[in-house]
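Readers should treat all values here as calculations from the given coordinates under stated rules, not as data from a laboratory. Predicted model only: the values in this text are computed from it and were never measured. When we count neighbours, we look across all protein chains shown, and the Cβ atoms used for this are built from the backbone with ideal geometry, even at glycine.
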Amino acid sequence: MTAEKARVLLVDDEEGVRMSLRALLDRDYHVSSVGSGEAAVAELPRFCPDIVLLDVKLLPSMSGLDALDRIKAFDDRIAVVMITAFASLATLNEALRRGAFGYLIKPFPRRDLELMVRDALAHRAGRMNGAGPGPAGR
């Protein structure tokens, strides 16, 4: 019996970034990608991601930090990794304070992506096996 692949949700308003990340992750994970924070929130109950790679600066209306809050409100066990090309220490610290697992600064090497996804999934597995918070309202 093979283990089910983990589910990764990619959230970036740049289609090229989504396509590149999908190409790197598709072999090892079930991947879904969306272009906005609103679409990410709508995708949560359908896709049930284990991890979300979330751009900090989303357009047009919901910011990455706002989307992070909504994702964590839906299910606090989802590991969220912030991705950004604009490395503001204050913003990244705020994301960590709000519950992000970590962050990657674009452009990042493939190995950094692989390690971050692996570590985030291990963190999620630990939370799933513990008595931590789960899906809100369930």
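Annotations
- Rounded to the nearest 20, the Cβ-based charge dipole of the chain about its Cα centre (Lys and Arg +1, Asp and Glu -1) stands at 360 debye.
- Applying a length cut-off of 24 Å (Cα extent along the axis) and a mean Kyte-Doolittle floor of -1.0 to the DSSP H helices of the chain leaves 110-129.
- Structure-derived Kirkwood radius over Cα pairs in Å: which label, when the choices are (i) 17.7; (ii) 14.8; (iii) 16.6: (ii)
- For Tyr103, residues with placed amide H under 5 Å, excluding near neighbours: Met82
- Averaging the sequence gap over all C-alpha pairs within less than 8 Å and six or more residues apart, then dividing by the number of residues, gives the chain a relative contact order of 22 percent.
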